[in-house]
Amino acid sequence: MTTAGCLCWQVKELVLDNCRSDDGKIVGLSSDFENLEFLSMININLLSVSNLPKLNKLRKLELSDNRISGGLEVLAERTPNLTHLNLSGNKIKDINTLEPLKKLPNLHSLDLFNCEVTMLINYRESVFTLLPQLTYLDGFDADDQEAPDSDPEADGDGLEDEYENGEEGEEEDDDDDEDDLDEEVIDDEEDEDDDLEGEEEEDGVDDEEEDEEEDGEDDEEDEADDDLPRGEKRKRNLEDEGEEDAEEEEDDEDD
């Protein structure tokens, strides 16, 4: 770890996880990081915090999975404004080892998961009594109420809500489209029915007109017969009867 050519004063967050330290010393980390607010040094084989530089603006310090067993008084001197401290997975065995943290007035969250001290009887009550400024110990307050999530989006909750809303919106759009299609089909069927009814009405009108024309022709023939003199009318009737008799005789001869 080196700070050469780096504008350290601009850095606010620094993650050095899994970067092995040199005999438990923090190489490259200096007070040049004067505006540093978040520092993470997880699993770097750190033995103590004695080499921690002066970081007045540091708020959160992650030191889990190291080999720290004491010497916490350095924190009050080097990081006076610390609010969150994670010492999970270290070698802290006794409640008294935590006593130097009393000098951190702004410390309200402390994590000691997987430390032997957590196995002590009345562990939680003892720590809250020793450090009255604490609000949360291992993620819970003195009444066993869980600490609120300070960053809901970190768990993806916000993204899930947007995806569900998006799906719901798409489903609603699909339903609307289906309804529109159904309405169009119904309208088309109604138009076809209207066209068929119109054609049937036209056919009915045409048939009635043809019947009327045929009836008119028959009436004209009857009227023409009525206009003939009585003798001509009788003669015409006889001629018609004669033609009918001739047709019947032809039929008999054919038989």
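Read-outs throughout are calculated quantities, based only on the coordinates presented, and are distinct from any laboratory measurement. Worth saying up front: this structure is predicted, and the values here are computed from it rather than measured. Every residue, glycine among them, receives a Cβ derived from its backbone with ideal geometry; neighbour counts consider all protein chains shown.
Using only the alpha carbon atoms of the range 1-83, find the Kirkwood hydrodynamic radius as the inverse mean reciprocal pair distance, in angstroms to one decimal.
Answer for the range 1-83: a Kirkwood hydrodynamic radius of 12.8 Å.
How would you rank 43-51, 59-67, highest first, on the average number of other Cβ atoms within 10 Å across their residues?
Sorting 43-51, 59-67 by mean packing, highest first, produces 59-67, 43-51.
Of all the Cα-Cα pairs you can form in the range 9-138, what percent are over 25 Å apart?
Tail of the P(r) past 25 Å holds 18 percent of the pairs.
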